[in-house]
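Step one of this worksheet: look at the structure below.
The values are calculated or read from the model by the stated rules, or taken from the named source; none is laboratory data. Remember, it's a predicted structure, so these values are computed and weren't measured experimentally. All Cβ positions, glycine included, derive from the backbone under ideal geometry; neighbour counts span all protein chains shown.
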Amino acid sequence: MLAMLLEIAMIVLLVVLGSGAMIPAYWGWRMVFDYYARTVPTPPVSEPCRDVVVLLCLRGADPSLKACLHGLLNQDYPRYQIQIIVDSVNDGAWNQVHEILAQEKPGRVLVEVNALEKHCPNCSLKVCAQLQAVARLGPEVEIVALIDADSIPQVDWLRAMTAPLADPTVGATTGIRWYAPSDAGWGSLVRHIYNVGSFPQMFAFDHPWGGSAAIRTELFRKSTLTERWCQALCEDSAVTGPLRELGLKLVWVPGAANINPESIGFKACLSFLQRQILCVRLDHVDWPKLLACNMISTFALAALVTLCGVSVWLQRWDWALIAGGIVVFFAVAMYAGLTTGELVIRRNLRMRGLTPPPLVWTWKMIPAFFLTQALCMYFLVRAHFVRRVAWRGVHYAIAGPGNIRLEKYEPYQPPEQTAPSHHSTV
């Protein structure tokens, strides 16, 4: 009787652990079927055309700044404006922006370039710049599009981002950033794998990506979005709550997916991961759920590996086979999801007449996957204890959600050790 109860308990344990371990795989494949597979032509702009202002905030000149501006100035959207807010007139991006605009000679597009006028004490410089631009929007502006300098918009980007907003139940749209680094350095691989794994979670928890997003101005006027931004480290993590306040949806736009070919060093990658996860902890309304799901899946996976080893030691080959099989199935499912996403996004780009960068494959992908998993768990836990974070040379004191403080402002200074031109600015 005791042996039978033990067998039943073991079966139940394996089912529970297997279910917990599969949470990331479920998220990934849900996004594959609900997002990646929805490749539809970008619809034409219907008249009357909605007034759109595109916001680009700069601190430091990203390697892809010229390509980003070229894409923004050549959108096939009938009428739109671009507001560029540079951190300082002494910032290297200031002169570069004016040089690019002089070369491009924008005609039909109204471009306004301003410096950040004040440094908000309780939010990041990026969000402060966005608040400055939003405060000057005219009542006729219906949509604010956000873009980062490391996002290279294609000619139909703005059209794709604004099309779903014709539905009055949609409050915001977003695309995704897909890293496709040209090298196989550990930092580039870890960031690529982290990015692939993070977007299914963002999809599950209605978290837009601020590097390619469009927001109804109604959110600034009728929800708590402006108040949240005034205390936010990052703008996109703070959008979900206001959307739900007004009962509006977030729509993911396959036509707005952008491939980022930049690389990153391992040390810079660690700073990137910490800041990304910290932003979610501070500003996203579903942080407790997201943390719980990630901890459950990681604990379940670790328990299955441990159980497999113990079963082998006890010579319970049936238990070892089941536990090991679940781990192998998890690894295969995650790898298949990553590969499928890679192939589908590249196929989508080709369907839009674009040529994606070459695919880099290396044996380092396998250990990089486990390294990324371990680093994510470390930063998920550490996010509760971080009291100071650096972002492009400026430090912020972190006391908790809604309680950050700019310690000391300094104009952006490039790193003393010059990074390769294809490396991301962090």
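Criterion applied to Val190, Val127, Val141, Val97 was being of a type outside the set (Lys, Arg), more than 24 Å from Leu65 (Cβ to Cβ) and assigned to a helix (DSSP H, G or I), and the one residue passing it is Val190. If the condition is being of a type in the set (Lys, Arg), farther than 16 Å from Pro168 by Cα and touching a strand residue (DSSP E or B) at 6+ places or on another chain (Cβ under 9 Å), then region 242-280 contributes only Arg275. Figure legend. Inter-residue proximity from region 111-125: first residues small (Gly, Ala, Ser), second residues assigned to a loop (DSSP other than H, G, I, E, B) and buried (at least 17 other Cβ atoms within 10 Å of the Cβ), beta-carbon distance below 9 Å, spacing 6+ or different chains. Indicated pairs: Ala115/Asp87; Ala115/Ser88; Ala115/Asp91; Ser124/Ala232; Ser124/Leu233; Ser124/Cys234; Ser124/Glu235.
Test Cys234 against the stated conditions and say whether it is in the same structural domain as Val53 (by TED's automatic domain parsing), more than 30 Å from Val45 (Cα to Cα), buried (at least 21 other Cβ atoms within 10 Å of the Cβ) and touching a residue at least 24 places away in the same chain (Cβ under 8 Å).
For Cys234, the condition - in the same structural domain as Val53 (by TED's automatic domain parsing), more than 30 Å from Val45 (Cα to Cα), buried (at least 21 other Cβ atoms within 10 Å of the Cβ) and touching a residue at least 24 places away in the same chain (Cβ under 8 Å) - is met.
Within region 322-378, the set of residues being among the basic types (Lys, Arg) and outside any loop (DSSP other than H, G, I, E, B) comprises Arg346, Arg347, Arg350.
Could you tell me which of the residues Arg382, Arg346, Arg388, Arg392 is within 30 Å of Ser424 (Cα to Cα), charged (D, E, K, R) and in contact with a Lys or Arg (Cβ under 9 Å, 6 or more places away or on another chain)?
Working: Arg382 fails: in contact with a Lys or Arg (Cβ under 9 Å, 6 or more places away or on another chain); Arg346 fails: in contact with a Lys or Arg (Cβ under 9 Å, 6 or more places away or on another chain); Arg388 fails: in contact with a Lys or Arg (Cβ under 9 Å, 6 or more places away or on another chain).
Residue meeting the stated conditions: Arg392.
For the residues Ala172, Ala129, the requirement of being in the same structural domain as Ala67 (by TED's automatic domain parsing), at pLDDT 95 or above and under 19 Å from Thr425 (Cα atoms) singles out Ala129. Per the conditions (1) surrounded by fewer than 18 Cβ atoms within 10 Å (Cβ to Cβ); (2) outside the structural domain of Pro164 (by TED's automatic domain parsing), the sole criterion not satisfied by Gly241 is (2).
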